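What follows is one structure encoded as structure tokens, with my remarks underneath.
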4 protein chains.
Amino acid sequence: MIIVMAPWATAEHKQNILDQVGKMGLEAHLLEDNFRTIVAVMGEERPIVELPFESWPGVERVLPVLQPFLLASREYRGENSLVEVGSPVEGREPVVFGGPAIQVIAGPCAVEFEETTLKTAHLVKQAGCRLFRGGAFKPRTSPYSFQGLGADGLAILRRVRQETGLLIVTEVMDVHELDLVATTADLLQIGTRNMTNFNLLKALGGVKKPVLLKRGMSSTIKEFLMAAEYILSNGNPNVILCERGIRTFETYTRFNLDINAIPAIKHLSHLPIIVDPSHATGLWRLVGPVALAGIAAGADGVMVEVHPDPQNALSDGSQALKPERLPPLLEKIKGISAVLGRTMA
Amino acid sequence: MIIVMAPWATAEHKQNILDQVGKMGLEAHLLEDNFRTIVAVMGEERPIVELPFESWPGVERVLPVLQPFLLASREYRGENSLVEVGSPVEGREPVVFGGPAIQVIAGPCAVEFEETTLKTAHLVKQAGCRLFRGGAFKPRTSPYSFQGLGADGLAILRRVRQETGLLIVTEVMDVHELDLVATTADLLQIGTRNMTNFNLLKALGGVKKPVLLKRGMSSTIKEFLMAAEYILSNGNPNVILCERGIRTFETYTRFNLDINAIPAIKHLSHLPIIVDPSHATGLWRLVGPVALAGIAAGADGVMVEVHPDPQNALSDGSQALKPERLPPLLEKIKGISAVLGRTMA
Amino acid sequence: MIIVMAPWATAEHKQNILDQVGKMGLEAHLLEDNFRTIVAVMGEERPIVELPFESWPGVERVLPVLQPFLLASREYRGENSLVEVGSPVEGREPVVFGGPAIQVIAGPCAVEFEETTLKTAHLVKQAGCRLFRGGAFKPRTSPYSFQGLGADGLAILRRVRQETGLLIVTEVMDVHELDLVATTADLLQIGTRNMTNFNLLKALGGVKKPVLLKRGMSSTIKEFLMAAEYILSNGNPNVILCERGIRTFETYTRFNLDINAIPAIKHLSHLPIIVDPSHATGLWRLVGPVALAGIAAGADGVMVEVHPDPQNALSDGSQALKPERLPPLLEKIKGISAVLGRTMA
Amino acid sequence: MIIVMAPWATAEHKQNILDQVGKMGLEAHLLEDNFRTIVAVMGEERPIVELPFESWPGVERVLPVLQPFLLASREYRGENSLVEVGSPVEGREPVVFGGPAIQVIAGPCAVEFEETTLKTAHLVKQAGCRLFRGGAFKPRTSPYSFQGLGADGLAILRRVRQETGLLIVTEVMDVHELDLVATTADLLQIGTRNMTNFNLLKALGGVKKPVLLKRGMSSTIKEFLMAAEYILSNGNPNVILCERGIRTFETYTRFNLDINAIPAIKHLSHLPIIVDPSHATGLWRLVGPVALAGIAAGADGVMVEVHPDPQNALSDGSQALKPERLPPLLEKIKGISAVLGRTMA
């Protein structure tokens, strides 16, 4: 941490900083010349970096040096984390995120009717996917929109698993729904609006299931990794990140997939990361190209919305692919995976 | 709602839209010329505006015409809503937001120690404020930061009210803490990270206390008013909005107070709105000028962080004013209020 | 164009709109119900869409229906435009953007010294590229930074072409340098800071050379296509677009490549589009993955910065690849191109 | 400047940094512990801060310590700069920006017709303003919009000055129009799209007239002050800054006035700063409140668009005030100025 002193800071101000930092058990080096006075603070700065140094007399501003996250960092763990989803099935490779295999999750935004959900699931399976997405609890920006089937939706998802063997990815919105959703989910999804629901993140630390953590739509990469840190530091190492688009000034698409974030997070962290081109674009026409872009940039997987009848979907139909568009997309994902020396699971 | 057809849309596509819209009980007018084909949908469009028209064959995009919120709109209620906080005290004017009086809420970011909290409260009272803020439950981006005192903090806040008569503004983070926090709060604060916690918003609809709803840091004005709509449509009409800064590309300040939003929301909605210059800037030096700007733009009040010893604050000390800076700030707020034909409570 | 009337608009206000629109030679349809009054304006709205309808009495707001650009749109021209760069060379395929072949432009940010520039050019050529980039006139945010060699830089670029046969891509910053730069450039680059230099755009309409138009860092897709429209409508049809990253709240990377924009622009426009992962990321480590993502998303090419000695580059060395990293990157671009049914030129 | 080394940096990498920095004539201090290795670089870092240290072996990233601007900084000049516009007139106070007096500039977006321009000017004068704005050269995002009267517009502006004594503020878009515009302008306006037109900024350094520099719509405060630095370092100390709104995700208003920037820039720089609420909002209803907010936040003046007949304005009429709204607005500005211990000129 570097504390930059104001030009008008007095000797007393500087001594005060040195004393206070010393009391915190850290080492402080005063460096001065005609241009600036700085105090370089050495040692583990994470516990103190959010203290209000800018309100100390004579301080201009503070530059953190260490990344604020630790367990999520590459420095803490050099090799890629492998996160396994579901129980191993005899004779089949386990579903692992973060290894050489690209994983594809597909399914409708929300679970609506049992029959169409099962039909979609069979199509998703035939296309070669091993994970099925579908929301039972839905965060909706309008109180007048369809709010999800809740527990009934979970029952439908369990039937999907039973009938098809697909693993279930579904969202949990609230600490107090966690036990309920965990009975059904093989992979617990945390939505973009809950990335900073710190109570929920802490609770996920105590769960045995892996977590799919979506990036907050206005969260920086650092904040995204800090949210993962909450889960990791509370005891659950099985976190898969999901880039799902950030909010910018552009209005043609609903969000902007931050493609830079894929290699950036691969550099900063050992955690697996996938992309969600459906929410990142909001327009089904763009889903395929953006999915391929994610894989090409190094993502470990992709999650796409598929609906057999998008124009009658109760939630986000405009961004859903028709099932017949899935196989050619997977074919291309397979091709790009091969170019990068990877496989498609 | 205007449905814009793609240039290649067929007669069948157009007829399909007309039929479907008709089935929804709305009226559809087809308008065509050499430049475009549009379907103007008349009637109450709110229940259908989120349907996936973009996935219907031949549709290019959809332009909503009505604002998505209703109860929060000026069209629904022309005059300003008046929201009263606390019980009326004999011989004193009630604390009302949305009327001619400007209200000032002051206090520390987090409740830390009983003694300093009480000391701060007495200074806040002497300066002329009638509302005290302080967080007992704190959302923190780092799992390594101070997380708030919880129930013990609430007890301190009750003592503040008892000793000083100040009304208590404190945050609730979770549906399941709502009853607990409501025992203490005169005004329930919803933080920026919970503006899209829809379960919590719904639950607030059933509460008898008024709600101070902070704008999500990346929420549009429309989404902000939709969050208020959740509370209103679930039965609680007492919502005060709070503009607390949005996230932009600028990094010198933590956020950017959206000053345009004050008159814009006054135009669109009847709800009271205040500003939070402490979170909007993150730097105590900027708090005073930005508070004054908020009042000048037409806000109904201001919420500022005050701490007797910012450099030792456990949370957000860099943005806290020292108590001695409060009276001259209030003096200026009073002056500007008078220029605008308002008073300071 | 849809004119949305305020709820309090009078019959006179409505009649006024109908009259005024009629005088403009357009047709106006009044549609009214309990929820809103709108005037649907039919006909060619582009010449009037920027008129200040919001200041007309009784008007709430205006929703444009037609895209503001015409010549740049897919509606105007359905098939992809092919833009040829350089003169045809006997026995070689011409360098065409927008066809099946992916084009790669490589070279240093700025032309610095003749010897290193030539050395880089030879390496770029050996790697298989046919276009060389290098700036002689440089826009720099600091007056204390290296400002480019100007005319001397152009001379070096001409020598590059002579010695290697590579086509030259170089920036023009000002109308009055246009003739000078055009003597050297095979492809005239317009930088992000000049995308709204409308005098320059108009002048480019009169030039015989093709133009590489970079997106303004805070320009929407619409504004980007409007900038192209300036060039097209002034007589030059040979415009290649370049997505080079937009400005967002994220600070880990310099900009954010808008990957959604690639398929979005392919949908909206017939013009070729390439990506610039060097400026979009600012970090050489991310350049390769983001280049591949651009191709996977459907871009027609990529422009990458290459420098033989990045740590001594006078401009933007942190985002430059070392020449030895170019061939393996091109190998992967070729692989992905093949997956998409394209070739690498 | 702090150079943060990667965890895997070798002794050789560190020595290399120390050597290289030494060769640049700066002092380098190596500081190491279990958590990080940093090199603190002391001395004048501005000439080297843009060098590509991130491409040096073993370097993770670089944190600048000094602000990149010097002449524009408060450290360089402690007291406020006073910028005088126009020649002193006997018996009248000079028009000075940056002193106690608040200055108001008013007039139409574009100069359209001589008669209406003169009429507007007389109304502006009667309201008490001493500066008149009006664009002769107009940057327009659409090639199909009114592009300004050019030299004829300048002639009208000269007539305004002659008839009314108002000082003329008008935009220059291009280096090569500078001499022409300078014959007419008392204050040369640089628009938001030209804040990074570095050739133009350099040329303004050699001009005797003061400059009104608008902030780029996506420029940070630092970049804004760097643009001022270009003018200052090329010899012209008379720069007035203008905050005119930044681009964010919000779409209800055209831009978002960055109100935080007013006190922030007052802290960082000695230059005067004014606000432009017309462009910052795009909606005339919001102009008054946002103008007052700017003054309350500490701005030295305000520039508002006024048009006698906004609905027939050829440019930006939706954001123009009718002249009769000007006097009550000025009355309130005067009131707020008095609260802050200032006067209205």
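The values are calculated or read from the model by the stated rules, or taken from the named source; none is laboratory data. The structure displayed is predicted, hence computed values, not measured ones. Ideal geometry is used to build each Cβ from the backbone, glycine not excepted, and the neighbour counts take in all protein chains shown.
Which is surrounded by 20 or more Cβ atoms within 10 Å (Cβ to Cβ) and either in contact (Cβ under 8 Å) with a residue 12 or more places away in the chain or under 17 Å from the mean Cα position of the chain (by Cα) (or both), of C:193, C:159?
Going through C:193, C:159 in turn, just one is surrounded by 20 or more Cβ atoms within 10 Å (Cβ to Cβ) and either in contact (Cβ under 8 Å) with a residue 12 or more places away in the chain or under 17 Å from the mean Cα position of the chain (by Cα) (or both): C:193.
Just to be sure, is residue D:85 farther than 25 Å from residue D:222 by Cβ and touching a Leu at 6+ places or on another chain (Cβ under 6 Å)? So residue D:85 passes the test. Being exposed (fewer than 15 other Cβ atoms within 10 Å of the Cβ) and in contact with a strand residue (DSSP E or B) (Cβ under 9 Å, 6 or more places away or on another chain) holds for only one residue in A:115, A:90, A:27, A:79, and it is A:27. Give region D:312-329 a look and list any residue that's buried (at least 20 other Cβ atoms within 10 Å of the Cβ) and away from chain C (no Cβ under 14 Å), or say none. Hits for region D:312-329 are D:326, D:329. What is the number of the single condition among (1) surrounded by fewer than 20 Cβ atoms within 10 Å (Cβ to Cβ); (2) on the phi > 0 side of the Ramachandran plot that residue D:298 does not meet? The failed condition is (1).
Considering only residues that are at the interface with another protein chain (Cβ under 7 Å from one of its Cβ atoms) and more than 23 Å from residue B:10 (Cβ to Cβ), which ones fall in region B:50-68? Correct list: B:50, B:65, B:66, B:68.
Of all residues in region D:269-293, exactly one satisfies the criterion of being over 14 Å from the mean Cα position of the chain (by Cα) and closer than 30 Å to residue D:76 by Cβ, namely D:293. Could you check, for region B:6-14, whether at least one of its residues is in a helix (DSSP H, G or I), of a type in the set (Val, Ile, Thr) and farther than 23 Å from residue C:46 by Cβ? No; the residues of region B:6-14 include none that is in a helix (DSSP H, G or I), of a type in the set (Val, Ile, Thr) and farther than 23 Å from residue C:46 by Cβ. Scanning region C:1-21 for residues that are exposed (fewer than 13 other Cβ atoms within 10 Å of the Cβ) and modelled with pLDDT of 90 or more gives C:10, C:11, C:12, C:15, C:19.
Condition check for residue D:308 on (1) at pLDDT below 95; (2) touching a His at 6+ places or on another chain (Cβ under 6 Å): one failure, at (2).
Inspect all residues belonging to region B:105-123 and state whether any of them is over 30 Å from residue A:229 (Cα atoms), within 14 Å of another protein chain (Cβ to nearest Cβ) and without any contact (Cβ under 8 Å) to a residue 40 or more places away in the chain. The answer is no, given that none of the residues of region B:105-123 is over 30 Å from residue A:229 (Cα atoms), within 14 Å of another protein chain (Cβ to nearest Cβ) and without any contact (Cβ under 8 Å) to a residue 40 or more places away in the chain. Looking across region C:237-254 at every residue that is among the β-branched types (Val, Ile, Thr) and surrounded by fewer than 24 Cβ atoms within 10 Å (Cβ to Cβ), the one that is nearest to the other protein chains (Cβ to nearest Cβ) is identified as C:253. Residues in region C:93-112 that are surrounded by 19 or more Cβ atoms within 10 Å (Cβ to Cβ) and not hydrophobic (A, V, I, L, M, F, W, C): C:98, C:99, C:103, C:107, C:108, C:112. Does residue C:29 satisfy the condition of being modelled with pLDDT of 90 or more and within 18 Å of residue D:318 (Cα to Cα)? No.
Output the number of residues of region B:138-156 satisfying the condition of being of a type outside the set (Gly, Ala, Ser), touching a residue at least 40 places away in the same chain (Cβ under 8 Å) and within 7 Å of chain A (Cβ to nearest Cβ). Residues that pass the stated criteria total 2. Put simply, of D:257, D:283, D:292 the only residue that is within 12 Å of chain B (Cβ to nearest Cβ), at pLDDT below 95 and under 17 Å from residue B:259 (Cα atoms) is D:283. Please tell me if residue B:92 is outside the structural domain of residue B:234 (by TED's automatic domain parsing) and either more than 25 Å from residue A:281 (Cβ to Cβ) or in a helix (DSSP H, G or I) (or both). Spelling it out, it is not the case that residue B:92 is outside the structural domain of residue B:234 (by TED's automatic domain parsing) and either more than 25 Å from residue A:281 (Cβ to Cβ) or in a helix (DSSP H, G or I) (or both).
Pick from A:234, A:199: which is surrounded by fewer than 24 Cβ atoms within 10 Å (Cβ to Cβ), closer than 30 Å to residue C:251 by Cβ and out of contact with any Lys or Arg (no Cβ under 7 Å at 6 or more places or on another chain)?
Unique residue meeting the criteria: A:199.
Please go through region A:242-284 and pick out each residue that is touching an Asp or Glu at 6+ places or on another chain (Cβ under 6 Å), under 19 Å from residue C:288 (Cα atoms) and assigned to a helix (DSSP H, G or I). A:261, the sole residue that qualifies.
Inside region D:33-71, residues that are farther than 23 Å from residue C:321 by Cα, in contact (Cβ under 8 Å) with a residue 24 or more places away in the chain and not hydroxyl-bearing (Ser, Thr, Tyr) make up a count of 15. Apart from one condition, residue B:47 fits all of (1) more than 14 Å from chain A (Cβ to nearest Cβ); (2) within 30 Å of residue B:234 (Cα to Cα); the exception is (1).
Only one of the numbered conditions (1) touching a helix residue (DSSP H, G or I) at 6+ places or on another chain (Cβ under 6 Å); (2) over 21 Å from residue C:254 (Cα atoms) is not met by residue A:229, and that is (1).
Any residue in region D:253-268 that is over 16 Å from the mean Cα position of the chain (by Cα) and over 27 Å from residue D:175 (Cα atoms)? Within region D:253-268, one or more residues are over 16 Å from the mean Cα position of the chain (by Cα) and over 27 Å from residue D:175 (Cα atoms). Filter region A:30-43 for residues that are crowded, with 17+ Cβ neighbours inside 10 Å and either touching a helix residue (DSSP H, G or I) at 6+ places or on another chain (Cβ under 8 Å) or of a type in the set (A, V, I, L, M) (or both) and give the result. A:31, A:37, A:38, A:39, A:40, A:41, A:42 - these are the residues of region A:30-43 that are crowded, with 17+ Cβ neighbours inside 10 Å and either touching a helix residue (DSSP H, G or I) at 6+ places or on another chain (Cβ under 8 Å) or of a type in the set (A, V, I, L, M) (or both). If you go through region B:52-67 and pick out every residue that is buried (at least 18 other Cβ atoms within 10 Å of the Cβ) and in contact with a Leu (Cβ under 8 Å, 6 or more places away or on another chain), you end up with 3. Residue D:181 meets each of the listed conditions (1) crowded, with 23+ Cβ neighbours inside 10 Å; (2) in contact with a strand residue (DSSP E or B) (Cβ under 6 Å, 6 or more places away or on another chain); (3) more than 12 Å from chain C (Cβ to nearest Cβ); (4) not basic (Lys, Arg) apart from (2).
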